[in-house]
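Beneath this line is the structure, given in structure tokens, with notes to follow.
The values are calculated or read from the model by the stated rules, or taken from the named source; none is laboratory data. Since this is a predicted model, take the numbers as computed values, not measurements. Cβ atoms come from the backbone with ideal geometry, glycine included; neighbour counts cover every protein chain shown.
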Amino acid sequence: MKLMNSLQGQIVTLWIVLAVVSMAQGQQNWDATVGGQSADMSKQAVAFLPDELWVHAGDSITWTFNSGDIHTVTFLTVGQIYPFDQSNGCPPITESGSSFDGSSCVSSADLTLGQTYQVIFPKAGNYEIVCLVHGQMFGVIHVLDPTLPLPYDQAFYDEQAKEQLKGLLADADHHHHHAEHQHSIADMFSARVGSHTKSVTAGVGEIAATAGGQQSFSLVRFVDGTVAIRAGDTVEWTNLDPEIGHTITFGAVPQDLFDPSCSPNCVVNTDPDGALHATITNPQQNVHSGLIAALLQDEPGVPQGLVAPPTRFRITFTTPGTYPYVCAFHDNLGMDGQVIVLP
Ligand SMILES: [Cu+2]
């Protein structure tokens with residue numbers, strides 16, 4: 001009996017020691033990552049990696065950004081409208097080390113390769129993490145009372161982040177097939193409307209679901225982006241990425257990246273099927289498509305929208321010459337191409 005008591009006493013003491021240790025660990029910092037990419041930056045993982053973590057109230061998470069493409073770490077309040085752009089997002093941007101307890105939003109700026117952002121979670125709750133640049137990129141942070149056990153440790157999350165990144169970037173081959181398939185459909189369609197049209201895929205992507213949110217893969221390239229045509233022919237660019245918008249930009253990059261523009265002495269018209277269409281008469285003209293994006297999915301409770309932004313951009317070239325172009329959003333990742341107009 002006495003032995004039992006002493007044993008029980010030791011167990012209780014051990015339990016208290018463990019509890020104190022785990023409470024002390026309750027003020028722990030966790031590490032997670034945002035985005036990832038291949039060496040040439042063409043393949044982008046548009047994701048929080050991992051996108052679901054369990055931490056204790058009082059803990060913090062430090063996110064390290066791992067891609068040339070920009071992202072944000074943002075926690076909006078329940079009922080807050082997801083903004084159209086960063087500038088009316090969570091104003092103003094909150095500094096790294098801010099606390100989020102659900103009562104007011106916190107958000108990093110647009111961050112890129114090597115930058116970090118930390119958030120402290122003082123209050124238990126389940127909080128969605130979003131990126132204000134990419135609407136289909138989100139996850140969840142479960143903040144538990146410090147007396148409750150946590151299911152995973154840092155080593156688990158490190159491994160999971162690595163696996164998820166590998167999985168997303170490995171989708172690349174599949175996506176190339178996808179692009180070629182679409183390409184041939186576009187050519188068939190073009191053949192019916194006129195044989196003088198060339199198609200270029202302006203980005204390809206795919207969204208993957210996880211239990212905690214969504215992650216996606218993007219090929220940030222003009223697929224077969226260098227084309228040779230005859231004067232008078234038309235090139236058509238189509239975005240096949242459900243996550244990332246692109247531009248097709250010849251000449252000077254304008255201030256306003258989201259709207260189409262053309263100068264001097266040219267206009268961007270809208271074709272009957274909703275595609276934008278410009279005519280370039282010389283290599284000195286500046287032609288900008290504005291945002292070209294795959295149509296967004298409908299969401300329950302959200303009003304039916306216009307069929308916008310445009311999915312396709314067409315340019316008819318009337319004059320022989322060499323016409324280099326870029327995506328004004330992703331020039332830094334090497335997203336460019338060239339149109340060679342033969343007589
Ligand atoms: Cu782009």
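Against the test of being crowded, with 19+ Cβ neighbours inside 10 Å, modelled with pLDDT under 95, more than 16 Å from the ligand (Cβ to nearest atom) and within 21 Å of Gln37 (Cα to Cα), the options Leu132, Leu169 yield a single qualifying residue, Leu132. Count of the range 231-272 residues, restricted to those that are within 16 Å of the ligand (Cβ to nearest atom), β-branched (Val, Ile, Thr), buried (at least 17 other Cβ atoms within 10 Å of the Cβ) and modelled with pLDDT of 95 or more, is 3. Checking each residue in the range 155-166 for being surrounded by fewer than 19 Cβ atoms within 10 Å (Cβ to Cβ) and within 16 Å of Val34 (Cα to Cα) picks out Asp158, Glu159, Gln160, Lys162, Glu163, Lys166. Here is a check on your reading of the model: is Ala228 more than 16 Å from the ligand (Cβ to nearest atom) and in contact (Cβ under 8 Å) with a residue 24 or more places away in the chain? Against the criterion (more than 16 Å from the ligand (Cβ to nearest atom) and in contact (Cβ under 8 Å) with a residue 24 or more places away in the chain), Ala228 qualifies. Would you pick out the residues in the range 207-225 that are in contact with a helix residue (DSSP H, G or I) (Cβ under 7 Å, 6 or more places away or on another chain) and within 16 Å of the ligand (Cβ to nearest atom)? Result: Phe217, Leu219, Val220, Val223.
Annotation: Gln154 fulfils all but one of (1) away from the ligand (no atom under 16 Å from the Cβ); (2) modelled with pLDDT of 90 or more; (3) in contact with a Gly (Cβ under 8 Å, 6 or more places away or on another chain); the unmet one is (3).
Residue-wise test of (1) touching a Leu at 6+ places or on another chain (Cβ under 6 Å); (2) of a type outside the set (Ser, Thr, Tyr); (3) within 14 Å of the ligand (Cβ to nearest atom); (4) modelled with pLDDT under 95.
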{"site": "Asp298", "(1), (2), (3), (4)": "no, yes, no, yes"}
{"site": "Pro303", "(1), (2), (3), (4)": "no, yes, no, yes"}
{"site": "Thr319", "(1), (2), (3), (4)": "no, no, no, no"}
{"site": "Thr322", "(1), (2), (3), (4)": "no, no, no, no"}
{"site": "Ala328", "(1), (2), (3), (4)": "yes, yes, yes, no"}
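From the list Phe100, Phe138, the one residue that fits, being buried (at least 17 other Cβ atoms within 10 Å of the Cβ), out of contact with any Pro (no Cβ under 6 Å at 6 or more places or on another chain) and in contact (Cβ under 8 Å) with a residue 60 or more places away in the chain, is Phe138. A search for C-beta distances below 8 Å between a residue of the range 318-341 that is closer than 11 Å to Ile229 by Cβ and of a type in the set (Phe, Trp, Tyr) and any residue that is assigned to a strand (DSSP E or B) and more than 11 Å from the ligand (Cβ to nearest atom), counting only pairs 6+ apart in sequence or on different chains, returns Tyr323/Phe250; Tyr323/Ile280; Tyr323/Phe317; Tyr323/Gln338; Tyr323/Val339; Tyr323/Ile340; Tyr323/Val341.
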